[in-house]
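Trainee: Below you will find the structure I want to go over with you.
The values are calculated or read from the model by the stated rules, or taken from the named source; none is laboratory data. Bear in mind that the values here come from a model prediction, so they are computed numbers and not experimental data. As a convention, Cβ positions derive from the backbone with ideal geometry for all residues, glycine included, and neighbour counts pool all protein chains shown. Each accessible area value is taken on the protein alone, full model and side chains, heavy atoms only, with ligands, DNA and RNA left out. Shrake-Rupley method; radii C 1.70, N 1.55, O 1.52, S 1.80 Å.
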Amino acid sequence: MDHSTPGSPSFTVSRNLLRFMSIESVMPSNRLILCRPLLLLPSTFPSIRIFSKKSALCIRWPKYRSFSFSISTSNECSVLISSRIDWFDLLAILGGQALMLFQGICPKTPTPPPPQVKLKPTVPRTEEEKTEHSVAAERRRMRLVYADTIKDLLANCVIQDDLESRDCSHMVPAEKTRVESVELVLPPHANHQGNTFGGQIMAWMENVATIAASRLCRAHPTLKTIEMFHFRGPSQVGDRLVLKAIVNNAFKHSMEVGVCVEAYRQEAETHRRHINSAFMTFVVLGADDQPQMLPWIRPQPGDGERRYREASARKKIRLDRKYIVSCKQAEMPLSVPWDPSNQVYLSYNNVSSLKMLVAKDNWVLSSESNQVRLYTLEEDKFLSFHMEMLVHVDTAQAFLLLSDLRRRPEWDKHCRSVELVQQVDEDDAIYHVISPALGGDPKPQDFIILASRRKPCDTGEPYVIALRSVTLPTHRETPEYRRGETVCSGFCFWREGDQLTKVSYYNQATPGVLKYVTTNVTGLSSEFYTTFKACEHFLLDNRNDLAPSLQTL
């Protein structure tokens, strides 16, 4: 593509074909409805013109539907274009997004396969275009390492499925959700070259996936996302398409369905061509439009267990991609400078941020183990988690014990050492926390943390310990450590009875620990549960032995 003038640039496109390769993800905000088939791009290419400074393009072909989309590419991407589709004839989405890949190829030649075309890189000009350009490069990087990431997760992580401890009466064998359907490709299903519309195949795949999902939940499932939709090869008019679907794994409120498509020409053929595959996530919405709890799935030994484990790994990758990319789009320091003249506001903001996070009503119970519950909250730019347990300790004592971060290494293996840097006042203190390296990082992390504690002002209110990162001129980042940040985290304590306290820990995951957090949230690690149980033992062991230094904090 070539820019002409900065004010109202026009684009010219090579007359070579673009082949639809894959859909990375489809994320509707409401309900996803597959409708008219995808119109594959014709051999006669149009001219493309930008009508504003935004990357909103209007493409028109004679006798073809018009549609609008935006294009963002990476300099690393010479053959593949990462296109972000905001509206397309393929999907009827309310407020949704689809990320699609196209590959440039020459027109058909007598000797297959057709050669690939090296596309000209786009040059972002506005700040918005530069941001999208950078994010597209990040998405491409994540796609390229996808297969290796799955292998590493399965090799290095233990899936926390607890199959044996689950209620068997609410478990459904995965084989009972298997669906197989055959479709004959007719002329209305194909373009002028005789190739099946990609949107038509996608619609058929959504149909069998919905049936498979309904066999698990015994209700009408709603499609939430489509992941890793790949066009591995073409199909033509006259082909028979065999569509297969099965529920790979069922999480607390969602399920993943794997779908594949095989093609063959004649009934007597023994060889089938694998032409498409995708993973679709479904939820079941109740009368209040909230996801309902789903039955557990029991995988079949062998290949079924492999699909079961890989579904958990893909769930982690989805969270990583969603929140790492969103952080790339809004990269900014999370720590705030500590200013003694403004300490009242900083302390207030610290506590109020935690209370606002606690008060959100869309927390979802993700898992439960040994009477410890793990909740998650997915928002536009942040993934938050919340651990909760009941401890037989007086509420004020639990509050005092956890107020002094210097004692945190006694129960939290993520804290190697904690130094009190400054006692600001009775309720606020600044600490230097050193944590061991996480996730293969060669350097340990260090944090400068403002800890603000508050006692309840009224009956029913919790005790609060709010934590967030600040910067100090006396403790700058050093080569020895990688400076970590926390934007909002902390503890809340509710009195549930005499010597009974509900202890809750909240954390809004930051980019530095996001992959570690998603590993635990998706059940690929049990370190969250182990750490929180260690906190319980610490409280029980010290409930009658409060140090005077704690009481005077």
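Trainee: Ignoring ligands and nucleic acids, what accessible area does residue 356 show with a 1.4 Å probe (Å², nearest 10)?
Mentor: Here the residue's solvent-accessible area equals roughly 130 Å².
Trainee: What is the sum of charges, Lys and Arg at +1 and Asp and Glu at -1, for the other residues whose Cβ falls under 11 Å from the Cβ of residue 300?
Mentor: Numbers: positive: 176, 178, 298, 306, 307; negative: 175, 303, 305.
Surrounding charge for residue 300 is +2.
Trainee: Here's another thing I want to ask about it. Under the definition of Cα pairs under 8 Å and six or more residues apart, what whole-number percent is the relative contact order of the range 335-542? Please report the intermediate quantities before stating the final value.
Mentor: Values: 392 pairs, mean separation 50.5, N = 208.
Contact order relative to length: 24 percent.
Trainee: Just to make sure I understand: if all protein chains stay in place, what is the order of 183, 410 by accessible area at 1.4 Å, largest first?
Mentor: Values: 183 55, 410 110 Å².
The ranking, largest first, comes out as 410, 183.
Trainee: Given a 1.4 Å probe, how much area per residue of the range 140-322 is accessible, in Å²? Don't skip to the answer; put the middle values down first.
Mentor: Details: 8380 Å² over 183 residues.
Dividing the accessible area of the range 140-322 by its residue count gives 46 Å².
Trainee: Same structure, new question: Tell me which residues come under 5 Å, amide H to amide H, from residue 483 once H is placed; ignore anything under 5 positions away on its chain.
Mentor: 446
Trainee: Once you list every other residue whose beta carbon is under 14 Å from the beta carbon of residue 207, what net charge do they have if Lys and Arg are +1 and Asp and Glu are -1? Display every interim value, and only then the final one.
Mentor: Working: positive: 215, 244; negative: 180, 183, 206.
For residues surrounding residue 207, the net value is -1.
Trainee: Something else: Given Cα pairs under 8 Å that are at least 6 residues apart, what percent is the relative contact order of the range 140-322? Kindly include the intermediate steps, with their values, before the conclusion.
Mentor: Numbers: 327 pairs, mean separation 47.0, N = 183.
The normalised contact order for the range 140-322 reaches 26 percent.
Trainee: With every protein chain kept in the model, how would you rank 260, 488 by accessible area, 1.4 Å probe, largest at the top? Spell out each step's value before the answer.
Mentor: Numbers: 260 35, 488 10 Å².
Most to least solvent-accessible, the answer reads 260, 488.
Trainee: When all protein chains stay in place, what accessible area (Å², nearest 10, 1.4 Å probe) is found for residue 487?
Mentor: 30
Trainee: Suppose R0 equals 45 Å. What FRET efficiency, 1/(1 + (r/R0)^6) with r the Cβ-Cβ distance, do residue 128 and residue 427 give to the nearest 0.05? Intermediate values should be presented prior to the final figure.
Mentor: Numbers: r = 43 Å, r/R0 = 0.95.
Calculated value: 0.60.
Trainee: Okay, moving on. For the range 371-420, what log10 I(q)/I(0) values come out of the Debye formula at q = 0.13, 0.21, 0.23, 0.25 1/Å, with one point per alpha carbon and no solvent?
Mentor: Once normalised to I(0) and log-transformed, intensities are -0.49, -0.97, -1.01, -1.02.
Trainee: If you don't mind, there's one more thing I want to ask. Tell me, what is the 1.4 Å probe accessible area of residue 230, in Å² to the nearest 10?
Mentor: So the heavy atoms of residue 230 present about 60 Å² to solvent.
Trainee: Follow-up question, since we're still on this one. Just by accessible area at a 1.4 angstrom probe, what is the order of 294, 420 from largest to smallest?
Mentor: Descending order: 420, 294.
Trainee: Between beta-carbons, use under 13 Å as the cut-off and find the net charge around residue 419, counting Lys and Arg +1, Asp and Glu -1. List each step's numbers first, then the result.
Mentor: Numbers: positive: 406, 407, 408, 416; negative: 404, 446.
Local charge sum for residue 419: +2.
Trainee: Here's a follow-up. With a 1.4 Å probe and every protein chain kept in, tell me what percent of the accessible surface of the range 335-542 is carbon plus sulfur.
Mentor: C and S fraction of accessible area: 50 percent.
Trainee: Let me know the shape class of the range 335-542, please: from the alpha-carbon gyration tensor, a ≥ b ≥ c as square roots of the eigenvalues, rounded when a/c is under 1.5, otherwise prolate if a/b is greater than b/c, or oblate.
Mentor: On the way: a/c = 1.42, a/b = 1.13, b/c = 1.26.
Rounded is the answer for the range 335-542, as its axis ratio a/c remains below 1.5.
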